[in-house]
1. In a Gaussian network model over the chain where Cα atoms closer than 10 Å are linked, find which of Ala160, Ala71, Ala248 has the largest mean-square fluctuation.
2. Which of His80, Gln155, Leu22 sits closest to the plus end of the dipole of the chain, meaning its Cα is farthest towards the positive end, when Lys and Arg get +1 and Asp and Glu get -1 on the C-beta?
3. Measuring from label point to label point, each 7 Å out along Cα→Cβ, what is the Ile16 to Ser45 span in nm?
4. Over the chain, what is the relative contact order in percent, taking alpha-carbon pairs closer than 8 angstrom and at least six residues apart?
5. Please compute the per residue accessible area over the chain with all protein chains in place, 1.4 Å probe, rounded to a whole number of Å².
6. For region 156-276, just the Cα set please: Rg and Dmax, both in angstrom.
7. In the chain, carbon and sulfur make up what percent of the accessible area (probe 1.4 Å)?
8. Using 7 Å Cα-to-Cβ label points, what is the Trp9/Thr82 separation (nm, one decimal)?
Amino acid sequence: MSDDKPLRWEVRQRLILIEARLIWAGCLTTQDLRGAFGISRSQASKDIALYESLAPDNLQYDLRGRCYRAARSFQPRFLHGTSREFLRALRLFDPESEHPLITLASETAAVELLEMPEREFDVVTLQRVNTAIRERLQLRVDYQSMRVPEPRPLQLSPIALVHTGLRWHLRAFSLSHERFIDVLLSRMRGVPELLDEPGMSADEDWEWKSIVPVRIGAHPGLSAHQRAVIETDYNMQAGVLERRLRIALVPYYLRLMNVGKDDRKRPPEQQQIILLNPEELSELDRLA
């Protein structure tokens, strides 16, 4: 990010750690850099000086604490400084990790993460699914649907993997159903068989290649002050949170956001956000 030439990767990583400590840990010393990267004290001092030259209003030295702290005029230069970024580091935290940004998560304020358990599947399943997508091949797999009591064989032509916030789905053309469907990787029984038969292109999946806007707003039954808080919570612009999504992914997003066609019928204190364009999505059969 230097104005003269790009920073080397290893230098950039050290500058990122400097900024991350300022945001999340509240202080920075040369020892933090030395311990994380195994560099000398003089190199750590040079890195801090370089950071100061690139972000001159971000650092101030605390004589009492003998460390650098974020100045009041602090603005992130190498990170976004968002809660999502912080959460990503917390999720990745491993006490035995050698990644300095991830290890830093152990030194932050007390934080507890309460999340739904991830659905697991065999690593070979992921490897063969990825191979089928990349090389456009077909798979044969035994699949346990909740609509029938026993697993049934499916012949699939995969086009993409989708993570919906909790589970991994496979978007594929099913030769057994003669249409594009979504299947859960965790419900595949055994290991998929990779076939030599050519698969289909994503361009043949209209619901995958077509994009539609999904607009969400605060419930109109809330007071003006309550709506203002909701709009801030969801980072709405002009009272609207808009996501442009593949049509095939719209149902998952609506479920994730807990919105749909009956939002306005529920009390505003329960249904704080509503879907603003249900008619448009209903015409696409996305609200079924």
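The values are calculated or read from the model by the stated rules, or taken from the named source; none is laboratory data. Computed from a predicted structure; not experimentally measured. Here the Cβ is made from the backbone with ideal geometry for all residues, glycine too, and neighbour counts use every protein chain on show. Accessible surface is based on the protein model in full, side chains and every heavy atom, while ligands, DNA and RNA are left aside. Shrake-Rupley method; radii C 1.70, N 1.55, O 1.52, S 1.80 Å.
1. In this elastic network of the chain, the residue with the biggest mean-square fluctuation among Ala160, Ala71, Ala248 is Ala71.
2. The Cα lying farthest towards the positive end belongs to Leu22.
3. So the two model labels end up 2.7 nm from each other.
4. Details: 407 pairs, mean separation 31.7, N = 288.
Result for the chain is 11 percent.
5. Details: 17800 Å² over 288 residues.
Computed with neighbouring chains in place, this is 62 Å² per residue.
6. Every Cα atom of region 156-276 included, Rg and Dmax give 18.5, 60 Å.
7. Details: 8560 of 17800 Å².
In the chain, the share of accessible area belonging to carbon and sulfur is 48 percent.
8. Computed distance between label sites Trp9 and Thr82 equals 2.4 nm.
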